[in-house]
Amino acid sequence: DAGITQSPRHKVTETGTPVTLRCHQTENHRYMYWYRQDPGHGLRLIHYSYGVKDTDKGEVSDGYSVSRSKTEDFLLTLESATSSQTSVYFCAISGGDRVNEKLFFGSGTQLSVL
Amino acid sequence: KQEVTQIPAALSVPEGENLVLNCSFTDSAIYNLQWFRQDPGKGLTSLLLIQSSQREQTSGRLNASLDKSSGRSTLYIAASQPGDSATYLCAVPSSGGYQKVTFGIGTKLQVIP
């Protein structure tokens with residue numbers, strides 16, 4: 001299994017509070033991604049990173065920010081959590097080969113915003 | 001915008017049966033297609049990746065085919081087992097760039113002993 005660790009695994013927070021989720025990889029992969037998974041919508045890309053300090057938006061980036069100060073760590077921040085951000089969040093990594101681009105996923109973080 | 005559809009949404013079969021899961025996508029300009037498996041409460045596990053120049057890939061009892069021109073892929077599972085019960089998702093790079101992968105909602109498979 002790819003070495004991807006997400007923390008925390010579960011989080012309950014209140015509306016309006018900031019929340020940071022962490023993804024840590026031991027594979028030295030260039031690309032890191034944050035997805036959210038919701039019933040009826042499947043997995044949707046929030047943000048991704050293609051290197052240290054290099055990030056780009058996905059299709060559902062509003063209300064989220066990311067940072068990558070080291071190759072191994074990718075942080076997802078909800079500046080002011082809302083109930084619509086209750087979801088399961090997955091981190092993924094890949095090496096950057098566009099043809100043989102396998103994605104490897106972490107175990108996910110269940111976030112509940114009350 | 002790339003859209004991915006998986007049919008059926010759910011499937012229940014008796015153990016030992018061969019089965020086919022379907023995936024269709026709207027933008028055929030893809031580099032590859034991936035099939036994943038997701039167990040309840042878990043992350044996704046990559047099963048097969050088919051490059052756009054390939055027609056199929058095999059891994060054990062799994063065979064995935066790709067018809068890029070028609071925007072379709074199938075995942076064939078031979079001699080199904082209860083341990084195959086999971087949700088199966090297909091994914092392709094989106095129109096916005098190969099890093100932005102678009103997923104189908106998945107097919108939930110139950111194999112009955």
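Being in contact with an Asp or Glu (Cβ under 7 Å, 6 or more places away or on another chain), more than 11 Å from every other protein chain (Cβ to nearest Cβ) and not hydrophobic (A, V, I, L, M, F, W, C) is not true of residue A:68. Test of understanding: among A:5, A:82, A:71, A:77, which residue is touching a residue at least 24 places away in the same chain (Cβ under 8 Å) and touching a Leu at 6+ places or on another chain (Cβ under 9 Å)? Answer to the selection: A:77. Taking the condition part of a loop (DSSP other than H, G, I, E, B) and facing chain A (nearest Cβ under 10 Å), does residue B:28 pass? No. Residues that are modelled with pLDDT under 95, closer than 22 Å to residue A:42 by Cα and open to solvent by 10 Å² or more (accessible area, probe 1.4 Å) number at least 3 in the following strands (runs of 3 or more DSSP E) confined to segment B:58-107: B:97-103. Restricted to segment A:56-108, and to residues there that are surrounded by 19 or more Cβ atoms within 10 Å (Cβ to Cβ) and among the polar types (S, T, N, Q), the residue that is nearest to residue B:53 (Cα to Cα) is A:94.
Within segment B:10-19, being within 16 Å of the chain's Cα centre (by Cα) and surrounded by fewer than 12 Cβ atoms within 10 Å (Cβ to Cβ) holds for B:10, B:18. If a residue has to be modelled with pLDDT of 95 or more and more than 11 Å from chain B (Cβ to nearest Cβ) to count, how many in segment A:85-104 make the cut? Going through segment A:85-104 one residue at a time, the tally reaches 3. Selection of segment B:31-57 for residues being open to solvent by 20 Å² or more (accessible area, probe 1.4 Å) and outside any strand (DSSP E or B) yields B:31, B:39, B:40, B:41, B:42, B:52, B:53, B:54, B:55.
Annotation: residue A:34 fulfils all but one of (1) in contact with a Ser or Thr (Cβ under 8 Å, 6 or more places away or on another chain); (2) within 24 Å of residue B:107 (Cα to Cα); (3) in contact (Cβ under 8 Å) with a residue 40 or more places away in the chain; (4) crowded, with 16+ Cβ neighbours inside 10 Å; the unmet one is (1).
Residues that are within 11 Å of chain B (Cβ to nearest Cβ) and in contact (Cβ under 8 Å) with a residue 24 or more places away in the chain: does segment A:22-31 have at least one? Yes, segment A:22-31 contains a residue that is within 11 Å of chain B (Cβ to nearest Cβ) and in contact (Cβ under 8 Å) with a residue 24 or more places away in the chain. When restricted to residues that are within 14 Å of chain A (Cβ to nearest Cβ), farther than 18 Å from residue A:90 by Cβ and in contact with a Cys (Cβ under 9 Å, 6 or more places away or on another chain), segment B:67-113 contains 1.
The values are calculated or read from the model by the stated rules, or taken from the named source; none is laboratory data. Since this is a predicted model, take the numbers as computed values, not measurements. Cβ sites come from the backbone with ideal geometry, for glycine too, and all protein chains shown count toward neighbours. With ligands, DNA and RNA removed, areas are computed over all heavy atoms of the protein, side chains included. Shrake-Rupley method; radii C 1.70, N 1.55, O 1.52, S 1.80 Å.
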